[in-house]
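A short write-up of the structure that comes next.
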Amino acid sequence: MNNRKKTVYITRKEHFNAAHRLYNPNWTDEQNEAFFGKCANKHFHGHNFDIYVTVKGEADPETGMVIDLKKLKKLMHTYIIDKLDHQNINEDVDFMKGKMASIENLVVEIWNQLEPHIDRGQLHCIKLYETERQFVEYYGE
Ligand code: NI
């Protein structure tokens with residue numbers, strides 16, 4: 001019983017503000033407007049994003065930790081928040097260049113930025129809230 005594996009899921013939440021626009025450059029303005037509505041507005045619009053990063057693993061017997069949350073916070077700031085906060089996702093964010101600035105694409109690219117730097121435990125899930133009512137989850141699949 002005491003020797004069985006005990007997997008714990010630990011989460012850090014962070015926040016950023018960013019602007020975007022949903023717009024397919026292969027479509028006409030009319031097609032974009034018809035499909036995306038206000039989200040296609042050429043002057044962009046902003047969101048207050050919340051991001052939840054969950055790492056899973058067993059607690060280290062020496063530290064009691066799956067991952068040091070101070071370190072996870074620092075990784076999230078370096079690879080996610082510092083690149084996105086107060087930026088225009090369509091124009092300013094290197095890892096979103098040439099991609100539709102949807103939250104579906106954004107959460108996948110955020111995973112790709114962060115995952116190589118998680119050196120203890122295993123990145124399990126990223127949840128990205130665009131509004132209180134709309135969010136995406138990505139599990140690296
Ligand atoms: Ni939007």
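The values are calculated or read from the model by the stated rules, or taken from the named source; none is laboratory data. The model shown is predicted, which means the values in this text are computed figures rather than measured ones. Using ideal geometry, Cβ is built from the backbone for each residue, glycine included, and neighbour counts are taken over all protein chains shown. In case anyone asks, the SASA skips ligands and DNA or RNA and just uses the protein heavy atoms, side chains included. Shrake-Rupley method; radii C 1.70, N 1.55, O 1.52, S 1.80 Å.
What are the pairs, 6+ residues apart or on separate chains, where a residue within the stretch 118-137 that is on the phi > 0 side of the Ramachandran plot has its Cβ under 8 Å from a residue that is buried (at least 17 other Cβ atoms within 10 Å of the Cβ)?
Gly121/Ile10; Gly121/Val55; Gly121/Gly57; Gly121/Val66; Gly121/Ile67
Evaluate the following for Met76: is it away from the ligand (no atom under 16 Å from the Cβ), under 25 Å from Ile10 (Cβ atoms) and either surrounded by fewer than 17 Cβ atoms within 10 Å (Cβ to Cβ) or over 14 Å from the mean Cα position of the chain (by Cα) (or both)?
Here the answer is no, as Met76 does not meet what is asked.
Looking only at residues that are within 15 Å of the ligand (Cβ to nearest atom) and aliphatic (A, V, I, L, M) in the stretch 101-115, which one is nearest to the chain's Cα centre (by Cα)? Spell out the reasoning first.
Residues of the stretch 101-115 that are within 15 Å of the ligand (Cβ to nearest atom), as a first pass: 101-107.
From what's left, aliphatic (A, V, I, L, M): 101, 103, 106-107.
Details: Ala101: 12, Ile103: 8, Leu106: 6, Val107: 4 Å.
In this case the residue turns out to be Val107.
A quick yes/no check of all residues on (1) away from the ligand (no atom under 14 Å from the Cβ); (2) open to solvent by 30 Å² or more (accessible area, probe 1.4 Å); (3) assigned to a helix (DSSP H, G or I):
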position	(1), (2), (3)
Ala18	no, no, no
Cys39	no, yes, yes
His47	no, yes, no
Val53	yes, no, no
Gly64	yes, yes, no
Lys71	yes, yes, yes
Asp82	yes, yes, yes
Lys99	yes, yes, no
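Show the residue pairs meeting these rules: Cβ distance below 7 Å; 6+ apart or different chains; first residue within the stretch 33-45 and closer than 9 Å to Tyr23 by Cβ; second residue surrounded by 14 or more Cβ atoms within 10 Å (Cβ to Cβ) and not charged (D, E, K, R).
Listed pairs, sorted by first residue: Phe36/Leu22; Phe36/Tyr23; Cys39/Leu22; Ala40/Leu22; Ala40/Tyr23; Ala40/Asn32.
Looking at the stretch 20-37, which of its residues are within 21 Å of Gly98 (Cβ to Cβ), among the hydrophobic types (A, V, I, L, M, F, W, C), more than 16 Å from the ligand (Cβ to nearest atom) and not in a loop (DSSP other than H, G, I, E, B)?
First pass over the stretch 20-37, keeping only residues within 21 Å of Gly98 (Cβ to Cβ): 20-29, 31-32, 35-36.
Checking the rest, the ones that are also among the hydrophobic types (A, V, I, L, M, F, W, C) come to 22, 27, 35-36.
In the following step, the residues that additionally are more than 16 Å from the ligand (Cβ to nearest atom) were identified as 27.
Across the stretch 20-37, there are no qualifying residues.
Taking the stated definitions as given, is Thr7 in contact with a Lys or Arg (Cβ under 8 Å, 6 or more places away or on another chain), more than 16 Å from the ligand (Cβ to nearest atom) and open to solvent by less than 70 Å² (accessible area, probe 1.4 Å)? Can you show your working first?
Details: in contact with a Lys or Arg (Cβ under 8 Å, 6 or more places away or on another chain): yes; more than 16 Å from the ligand (Cβ to nearest atom): yes; open to solvent by less than 70 Å² (accessible area, probe 1.4 Å): yes.
When the stated conditions are applied, Thr7 passes them.
What do you reckon, is Thr28 surrounded by fewer than 12 Cβ atoms within 10 Å (Cβ to Cβ) and polar (S, T, N, Q)? Even if it seems obvious, please write down each step before you answer.
Values: surrounded by fewer than 12 Cβ atoms within 10 Å (Cβ to Cβ): yes; polar (S, T, N, Q): yes.
Yes: the conditions hold for Thr28.
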